[in-house]
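Each reported figure results from applying straightforward, stated rules to the coordinates on display, with no laboratory input. A quick note: this is a predicted structure, and the numbers were derived from the prediction, not measured.
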Amino acid sequence: MNSITSKQYNNSLSVANLSRQESLDPQSLNLLTYSGPKDTCQGVATGRLGNMAGRFHFNLLGVKWYGTEHLYLCGEWSTEGRRSVEIQEYIRKMASGVYAKRCSKAKYKAEIRTDFTSFRYDWMLWCVWQKCLLNREFAMLLRSIPEDTVIVEVVKNDPVWAAYPDSEGIIRGGNAMGKILSICRHCLITGTEPDINRQLLNEAGIYILGNRVEF
């Protein structure tokens with residue numbers, strides 16, 4: 001099914017294909033998987049790669065963030081105005097990414113930006129890249145993962161950010177988080193920048209804690 005090697009697959013990744021649905025064959029690709037924060041694979045603490053892993057704090061935009069998930073969620077309520085600031089502060093102060101996601105969706109779902117899906121992939125990549133730049137421990141963990149492994153977040157009911165094996169063992173889904181982590185790993189190793197569509201993010205007009213973020 002997969003006619004290329006794991007390293008070739010990783011080198012082909014870009015923001016343009018983050019939304020692409022994948023069919024990954026464990027028999028032909030070297031897959032490094034994670035689901036929960038305590039998972040390990042091939043001797044690597046892969047669970048620490050996930051957005052819900054809570055140990056990788058970083059300071060950005062003048063405040064402390066408990067993790068990528070908090071920052072990413074704030075993008076869903078990132079219009080200008082006091083109401084967005086209130087919601088973002090509610091999210092930011094939660095120690096757990098799991099609860100930040102669960103509670104914010106329950107309380108404020110009706111107020112999510114209607115255009116959020118148009119820039120969510122680039123926004124997520126930017127958020128993860130900030131953690132790479134601002135948390136040395138996380139960057140070292142990501143850099144330590146061999147380039148000949150394909151990173152896969154395995155979650156049953158998330159065909160956008162994760163993937164899941166079918167009845168024949170083929171892992172299917174968008175796996176956008178695995179791709180984003182792979183892109184960031186490559187950039188850390190090569191000293192380059194991810195191909196984030198900064199024009200798209202600037203045109204979206206993203207406000208975090210009352211300040212417009214310039215990309």
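Some points to look at:
- Convex hull of Cα atoms in the stretch 48-96, direction-averaged projection (nm²): 3.3 nm²
- Rg then Dmax, both in Å and based on the Cα atoms of the stretch 1-76: 15.8, 47.
- The distance separating the Cα centre of the stretch 178-211 from that of the stretch 1-80 comes to 13 Å.
- Of all lysines in the structure, the ones whose alpha carbon falls short of 25 Å from that of Lys131, not counting any fewer than 8 places away in one chain, are Lys7, Lys38, Lys64, Lys93, Lys101, Lys105, Lys179.
- Taking the chain and dividing mean pair separation by its residue count, relative contact order in percent (alpha carbons under 8 Å, at least six apart): 28 percent
- The alpha-carbon positions of the stretch 125-182 define a convex hull whose volume is 81 Å³ per residue.
- Gain upon complete extension [Glu86, Ser28; 0.36 nm per residue less C-alpha separation]: 16.1 nm
- For the stretch 74-141, the normalised intensity computed at q = 0.26 Å⁻¹ comes to -1.23 (log10 of I(q)/I(0), Debye sum over alpha carbons, equal scatterers, no solvent).
- Calculated log₁₀ intensity ratio I(q)/I(0) where the Debye formula runs over C-alpha points of the stretch 29-137, q = 0.15, 0.23 Å⁻¹: -0.67, -1.34
- Mean projected area (nm²) of the alpha-carbon convex hull when the stretch 103-215 is viewed from all directions: 9.2 nm²
- P(r) tail for the chain: Cα pairs beyond 24 Å make up 41% of the total.
- Helix axis angle, 176-190 relative to the chain longest principal axis, alpha carbon, degrees: 80 degrees
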